[in-house]
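Take a look at the structure set out below.
The values are calculated or read from the model by the stated rules, or taken from the named source; none is laboratory data. Just so you know, these numbers come straight off a predicted model, no measurement behind them. All Cβ positions, even for glycine, are placed from backbone atoms using ideal geometry, and neighbour counts span all protein chains on display.
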């Protein structure tokens, strides 16, 4: 009974993503998509991958980290350096997926290096240390020769497109939802709900914390590689703490522990500033006001009730009630 | 050889001797009570036995194995499970998932099998579901398995905590004030449940309780703690009629 509900819930999330993908594909094929819209598709997809993976740490493990952009940059540079080196040797179909895996694995390694000492910390302390990690990585990359330094890394083949991003989004969604609904995912959620009780049941807290951290880092790394393959130049300065916070905003806005929420919020948060571009100077003001309004509504019980009535299931009950009222009348 | 042997157990926080020279030996299958006034150090003893605190002196042996100084995770694997004075459920998870977390170290599959939802994932999850439901049935919670743990009424939350502890298949079960906040009816029901658990699972139970009706009703032996030291211990009737215990705790 319960299992089925869960499966249906996940299938709806996958369905929303597939439907959105098909819709946009049709727009592109029929030539109805503006260049502006087409340029936004990859960034939106990247934010979905980043938000869903960060949700594993923030929403399910219940720890605050501000270093997600750091993992993204590590992955981006590892993957892009590989791609530049083998640009002429390997065909794109082999090189690009391989670059993504390498970027993800390097981010994983950094996840372990950072995670082992840092995961003893809790709450605010963890947030500050991961923030510092992101900044350190950025300064190191700027000061190294082989990463192109402050002028950026040039020459990565521009292989990213909307279809590859879609495939990676689906993999991310399936892996994270399946993980959360498995034995390891239950242990991760139990640490969020009550660490002491989890320990008393013999659950290895450090192991599962590290696991969540490493899996999230992997997908951040993969997202970084796609990002690097999307632009002609890769600059470390884009992976600053603002980027980490943007991802965190998406997760919080979509609802912590809600994967579907992260997906929807990623689309809104990425598209909103672009759509408001016509308002010129008032753009960031409106963006901020919308954020505040959404946060307030998220916390309001009245809105929660309204939301409950307005979903598809609620619509059916409403119709049913009306029908039965008519019959009775 | 007793199942649980505690010898000269003591802990101090700075200059305060919270527990000093505490001894107890709990035989297999026994229902053992630990009573005493507030602040006497009863929960501190529990915390030392379950590895939350490291004792400053003394030893703890379970079934002949030395558990002194081990951490909570190792101690649970050796066979001690507990409940908490202030209920600590996984409140945003379902009742069923709470019990399945107790089964975490009994029924295992790898992380990769979980991610790919392999055949063994499905088989083992089903096995977990069945086992968890059978434990919930003992406590009459099987119809609420899909509820969030925080949505259960108080008495049922207490029961769920015991069910979750039992799922780890312990040799020794520690209950920290299981009847706290229950009305007389619920307490009566709880007494039956504790007895049933002891007989059905062949369990040894050590419990802290302030409800004397419960203690006198089910405990076979008790120890009394006062200001961190042991005031008396032995058969329930003898200890409860001990004049020192009456002045220190029970009242005349």
Which listed residue is farther than 17 Å from residue A:217 by Cα and touching a residue at least 12 places away in the same chain (Cβ under 8 Å), from A:46, A:54, A:64, A:6 = A:6
Among what's in the range A:78-94 and is out of contact with any strand residue (DSSP E or B) (no Cβ under 7 Å at 6 or more places or on another chain) and in contact (Cβ under 8 Å) with a residue 40 or more places away in the chain, pick the residue that is farthest from residue A:47 (Cα to Cα).
-> A:87
What are the residues in the range A:106-141 that are surrounded by fewer than 18 Cβ atoms within 10 Å (Cβ to Cβ) and under 27 Å from residue A:165 (Cβ atoms), if any?
-> A:109, A:112
Pull up the range A:211-251, narrow it to residues that are farther than 24 Å from residue A:118 by Cα and touching a strand residue (DSSP E or B) at 6+ places or on another chain (Cβ under 9 Å), then point me to the one that is surrounded by the fewest Cβ atoms within 10 Å (Cβ to Cβ).
-> A:232
Identify, please: which residue in the range B:38-58 is farther than 18 Å from residue B:165 by Cβ and in contact with a helix residue (DSSP H, G or I) (Cβ under 6 Å, 6 or more places away or on another chain) and is, among those, surrounded by the fewest Cβ atoms within 10 Å (Cβ to Cβ)?
-> B:53
Checking B:22, B:84 in turn, the sole residue that is surrounded by 18 or more Cβ atoms within 10 Å (Cβ to Cβ), in a loop (DSSP other than H, G, I, E, B) and in contact with a strand residue (DSSP E or B) (Cβ under 8 Å, 6 or more places away or on another chain) turns out to be B:84
Answer yes if at least one residue in the range A:211-223 is at pLDDT 95 or above, within 14 Å of chain B (Cβ to nearest Cβ), over 15 Å from the mean Cα position of the chain (by Cα) and in a helix (DSSP H, G or I), and no otherwise.
-> yes
Could you tell me whether the range A:154-174 includes any residue that is within 30 Å of residue A:9 (Cα to Cα), facing chain B (nearest Cβ under 10 Å), crowded, with 22+ Cβ neighbours inside 10 Å and touching a residue at least 12 places away in the same chain (Cβ under 8 Å)?
-> no
Kindly check whether there is at least one residue in the range A:282-303 that is modelled with pLDDT under 75, loosely packed, with under 11 Cβ neighbours inside 10 Å and farther than 25 Å from residue A:9 by Cα.
-> no
So is residue B:77 free of Cβ contacts under 8 Å to residues at least 40 places away in the same chain, under 22 Å from the mean Cα position of the chain (by Cα), assigned to a helix (DSSP H, G or I) and facing another protein chain (nearest Cβ under 7 Å) or not?
-> yes
Do we find a residue being free of Cβ contacts under 8 Å to residues at least 24 places away in the same chain, within 14 Å of chain B (Cβ to nearest Cβ) and touching a helix residue (DSSP H, G or I) at 6+ places or on another chain (Cβ under 6 Å) anywhere in the range A:266-273?
-> no
Of the conditions (1) on the phi < 0 side of the Ramachandran plot; (2) within 18 Å of the chain's Cα centre (by Cα), residue B:41 fails just one. Which one is it?
-> (1)
Among the candidates A:61, A:6, residue that is within 13 Å of residue A:177 (Cα to Cα) and either within 14 Å of chain B (Cβ to nearest Cβ) or buried (at least 16 other Cβ atoms within 10 Å of the Cβ) (or both) | A:6
Search result, residues across the range B:115-169 that are more than 17 Å from residue B:189 (Cβ to Cβ), in contact (Cβ under 8 Å) with a residue 60 or more places away in the chain and at the interface with another protein chain (Cβ under 10 Å from one of its Cβ atoms) | B:149, B:150, B:164, B:165, B:167, B:168
Single condition residue A:145 does not satisfy, out of (1) out of contact with any helix residue (DSSP H, G or I) (no Cβ under 8 Å at 6 or more places or on another chain); (2) touching a residue at least 60 places away in the same chain (Cβ under 8 Å) = (2)
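Can you pull out the residues in the range B:64-74 that are more than 9 Å from chain A (Cβ to nearest Cβ) and in contact with a helix residue (DSSP H, G or I) (Cβ under 8 Å, 6 or more places away or on another chain)?
Within the range B:64-74, B:65, B:67, B:70 qualify.
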Subset of the range B:87-106 that is assigned to a loop (DSSP other than H, G, I, E, B) and facing chain A (nearest Cβ under 8 Å) - its residue that is surrounded by the most Cβ atoms within 10 Å (Cβ to Cβ) | B:90
Scanning the range A:186-210 for residues that are touching a residue at least 60 places away in the same chain (Cβ under 8 Å), more than 7 Å from every other protein chain (Cβ to nearest Cβ) and more than 18 Å from residue A:111 (Cα to Cα), which turns out surrounded by the most Cβ atoms within 10 Å (Cβ to Cβ)?
-> A:191
Qualifying positions in the range B:174-194 - touching a residue at least 60 places away in the same chain (Cβ under 8 Å) and in a helix (DSSP H, G or I) | B:194
Could you list, in sequence order, the residues of the range A:175-184 that are at the interface with chain B (Cβ under 7 Å from one of its Cβ atoms) and either touching a residue at least 24 places away in the same chain (Cβ under 8 Å) or more than 19 Å from residue B:128 (Cβ to Cβ) (or both)?
-> A:175, A:179, A:184
Considering the range B:142-169 alone, what residues qualify as being outside any helix (DSSP H, G or I) and surrounded by 22 or more Cβ atoms within 10 Å (Cβ to Cβ)?
-> B:168
